[in-house]
1. Taking the stretch 1-25, which residues are under 12 Å from the mean Cα position of the chain (by Cα) and either surrounded by 13 or more Cβ atoms within 10 Å (Cβ to Cβ) or of a type in the set (Gly, Ala, Ser) (or both)?
2. Any idea which of GLU91, GLU82 is acidic (Asp, Glu), surrounded by fewer than 16 Cβ atoms within 10 Å (Cβ to Cβ) and either assigned to a loop (DSSP other than H, G, I, E, B) or out of contact with any Leu (no Cβ under 7 Å at 6 or more places or on another chain) (or both)?
3. Which of the residues belonging to the stretch 10-35 are out of contact with any strand residue (DSSP E or B) (no Cβ under 8 Å at 6 or more places or on another chain) and within 14 Å of GLY47 (Cα to Cα)?
4. Identify all residues within the stretch 26-38 that are closer than 30 Å to GLY64 by Cα and either hydroxyl-bearing (Ser, Thr, Tyr) or surrounded by fewer than 11 Cβ atoms within 10 Å (Cβ to Cβ) (or both); write none if there are none.
5. So is GLU33 outside any loop (DSSP other than H, G, I, E, B), at pLDDT 90 or above and among the acidic types (Asp, Glu) or not?
6. Just checking, does the stretch 36-54 include any residue being in a strand (DSSP E or B), touching a helix residue (DSSP H, G or I) at 6+ places or on another chain (Cβ under 9 Å), at pLDDT 95 or above and not hydrophobic (A, V, I, L, M, F, W, C)?
7. Report, by residue number, each residue of the stretch 40-56 that is surrounded by 14 or more Cβ atoms within 10 Å (Cβ to Cβ) and either over 30 Å from GLN24 (Cα atoms) or aliphatic (A, V, I, L, M) (or both).
8. If a residue must be under 18 Å from the mean Cα position of the chain (by Cα) and without any contact (Cβ under 8 Å) to a residue 24 or more places away in the chain, how many such residues does the stretch 43-73 contain?
Amino acid sequence: MDMNQLNKLMKQAQQMQNRLGKAQEEIAAKDFEGQAGGGVVKVVAKGHGNIVSIKIAPEILKEGDAEMLEDLILTAVNEAIEKGKALQKAEMSKLTGGMNIPGF
């Protein structure tokens with residue numbers, strides 16, 4: 001491989017790294033909603049996994065079943081986080097052409 005080819009390859013790698021970084025930033029800024037119990041519990045998480053809000057319908061609180069409410073919250077949280085992970089995986093796969101690049 002001559003220097004010209006090596007420089008071209010390095011430039012392409014840098015461009016891909018820049019695109020990956022930008023995609024990760026965009027995904028981290030997006031909101032992902034998870035729901036449980038037919039929408040009585042709603043959770044919003046950012047793409048990086050931080051939970052930003054939890055909404056609980058008042059009628060579920062009247063039932064007084066703390067264990068059920070805990071399960072609903074856990075389900076909604078996991079759904080919101082998984083949506084973010086799925087989008088991140090899909091976007092990274094598009095950008096890398098399906099190559100598995102450690103750290104991304």
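1. Hits for the stretch 1-25 are ALA23, GLN24.
2. GLU82
3. Result: GLY21, LYS22, ALA23, GLN24, GLU25, GLU26, ILE27.
4. Hit for the stretch 26-38 is GLY38, nothing else.
5. In short, yes.
6. Yes, because at least one residue in the stretch 36-54 is in a strand (DSSP E or B), touching a helix residue (DSSP H, G or I) at 6+ places or on another chain (Cβ under 9 Å), at pLDDT 95 or above and not hydrophobic (A, V, I, L, M, F, W, C).
7. Those that are surrounded by 14 or more Cβ atoms within 10 Å (Cβ to Cβ) and either over 30 Å from GLN24 (Cα atoms) or aliphatic (A, V, I, L, M) (or both): VAL40, VAL41, VAL43, VAL44, ALA45, ILE51, ILE54, ILE56.
8. Number satisfying all stated conditions: 4.
The values are calculated or read from the model by the stated rules, or taken from the named source; none is laboratory data. Treat the numbers as computed from the prediction; the structure is a model and nothing was measured. Backbone-built Cβ (ideal geometry, glycine too); neighbour counts: all protein chains shown.
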